[in-house]
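The values are calculated or read from the model by the stated rules, or taken from the named source; none is laboratory data. As the structure is a computational prediction, the values presented were derived from the model and not from experiment. All Cβ positions, even for glycine, are placed from backbone atoms using ideal geometry, and neighbour counts span all protein chains on display. Only protein heavy atoms, including side chains, enter the accessible area calculation; ligands, DNA and RNA are left aside. Shrake-Rupley method; radii C 1.70, N 1.55, O 1.52, S 1.80 Å.
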Amino acid sequence: MRFLIVLAASAVLAGCSSSGDLKPEKLLDIDNKVEFDQVWSKDAGSIDNKRYNLIQPAYSRGRVVLMDARGYVSAYDSETGDRLWRVRLKEPVTYDIERRWYRPGTWMRKDDKPVPTSGGVGIFDDAVAVGSYEGQVFLLDAETGEERWRQQVSSEVLSAPQPNDDVVVVHTVDGKIHGLDLATGEKRWQYDNPQAVLSLRGSASPLVTPSMVVAGFDNGKIAAINPDNGVAMWDQRVAIPKGRTEFERVVDVDGTPLMVGDLIFAASYQGRIVALSRAAGRGIWAQDVSTHSNLASNGSAVFVTTDDDSLVAFNIANGEEVWTNDQMLHRSLTGPAYLSGFVVVADADGHLHVLDASNGEYLARKKIDGSGVNSPLSVMGDKLLVLDNDGRLHVLTLSEITEQDD
């Protein structure tokens with residue numbers, strides 16, 4: 001019953017956090033001050049927008065790895081876009097002639113059941129990790145796509161599993177964090193967190209380092225976990241539920257925590273953005289804000305897309321607001337990406353919007369695709385990765401237009 005309630009809440013809250021019944025801000029004519037150059041683009045496969053699946057590509061060692069909703073996982077050369085390999089994850093089935101039904105088994109058939117993958121790709125060195133709606137986690141070889149192992153976890157995997165050199169860390173929608181052995185897939189530990197009555201559809205990908213796992217939860221908390229044994233090193237509340245109704249009390253931390261130096265940043269829906277010390281989780285500063293997206297930073301400011309689609313920059317040291325831009329209200333923006341002095345977001349109509357990271361000035365706009373963009377933007381060195389809702393991956397560079405360019 002709770003799963004149905006969560007789905008219903010997700011649909012309503014997703015509408016509240018995007019355009020909903022509010023009219024999107026009209027886009028004014030603009031003379032672009034930034035030039036867009038498309039390096040390459042590829043049709044990456046089917047994107048499942050009906051289940052609010054925010055598939056996100058990942059990058060490592062000259063490869064861009066991406067999956068689609070039908071179980072395909074593909075790797076591309078980051079410079080040329082040439083496809084290096086493509087595999088489809090499947091579940092073998094057995095057919096019982098007498099009872100006329102399929103069931104899991106070991107007899108491989110041409111019509112083996114594809115695994116509906118979800119939540120994005122995690123990469124560490126030569127390991128690629130993906131998850132599924134059915135709670136399976138797969139580890140693939142980044143060189144060949146060959147499956148190394150698969151493991152069943154407790155619930156749906158709607159965010160990217162994240163490996164380090166020892167474990168694969170998985171956040172499932174039932175609020176659990178799983179630590180799986182990188183070499184074998186064996187379950188090493190599990191961290192349980194109390195669930196909220198209602199939550200947004202989805203879960204935050206954990207931030208994983210060799211010495212720490214940092215995860216945000218739908219009850220408004222963030223925890224640092226020892227990756228060796230799953231024991232909490234510290235936990236901290238990002239937001240306190242307020243209001244008389246369960247809808248008013250939703251305070252999900254749905255964006256991946258952000259680490260900048262010795263600080264960790266996290267933000268919640270209908271709550272706050274906080275800066276915490278990495279070592280002990282001590283609060284450094286906090287500001288009221290509501291977001292369900294990833295954060296970004298240039299080292300001096302933290303950038304946030306709010307639930308009404310304002311863009312806000314906070315000083316990284318003291319939390320003071322540096323600038324805000326409300327020229328794209330109610331346009332269903334993605335979380336921000338920082339690239340070469342620019343803050344970039346995409347919207348539900350398929351536009352890319354570029355702001356000056358220093359002052360929030362609106363610099364440029366480009367229509368990528370009419371299907372829109374829901375998936376989080378990714379940065380690969382000096383390149384921006386944009387996955388549109390038709391399943392096409394665009395790789396772009398941005399550069400400031402000079403008088404000589406004109």
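Data overview
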| quantity | calculated |
| --- | --- |
| The range 115-125 - phi-based ³J(HN,Hα) in whole Hz, Karplus 6.51/-1.76/1.60, Gly and Pro as x | 8, x, 6, 7, x, x, 10, x, 10, 9, 6 |
| Environment charge of G145, counting only residues whose C-beta is closer than 11 Å and scoring Lys/Arg +1, Asp/Glu -1 | +1 |
| Peptides ranked, highest mean first, by Cβ atoms within 10 Å: ranges 83-91, 372-380 | 372-380, 83-91 |
| Peptides ranked, highest mean first, by Cβ atoms within 10 Å: ranges 284-296, 122-134 | 122-134, 284-296 |
| Residue pairs, from the table K26/K367; K26/K383; K42/K90; K176/K221; K23/K383; K42/K367, whose Cα atoms sit over 21 Å apart | K26/K383; K42/K90; K23/K383 |
| Normalised contact order of the range 187-319, rounded percent, pairs of Cα under 8 Å and 6 or more residues apart | 17 |
| Ranked packing of 59-72, 247-260, most packed first, by mean Cβ within 10 Å | 247-260, 59-72 |
| Rel. contact order, % - alpha carbon contacts under 8 angstrom, at least six apart, the chain | 14 |
| Solution diffusion estimate, µm²/s, Stokes-Einstein, the range 149-200, Kirkwood Rh from C-alpha pairs, 10 °C, viscosity 1.306 mPa s | 138 |
| Where a label projected 7 Å from the Cα of E79 along Cα→Cβ would reach, residues of the range 353-387 with amide N under 18 Å | 380-384 |
| Nearest-10 value in Å² for the accessible area of R272, using the 1.4 Å probe | 80 |
| Nearest-0.05 FRET efficiency for A232 and E25, computed from C-beta distance (R0 51 Å) | 0.75 |
| Shape of the range 226-286, Cα gyration tensor, a/c cut at 1.5 | prolate |
| Where labels lie 7 Å past Cα in the beta-carbon direction, separation of I401 and R148 in nm | 4.7 |
| Accessible-area order (highest first, 1.4 angstrom probe) of the listed residues I401, I264, I316 | I401, I316, I264 |
| Residue-count net charge about V168 - beta-carbon cut-off 12 Å; Lys, Arg +1, Asp, Glu -1 | 0 |
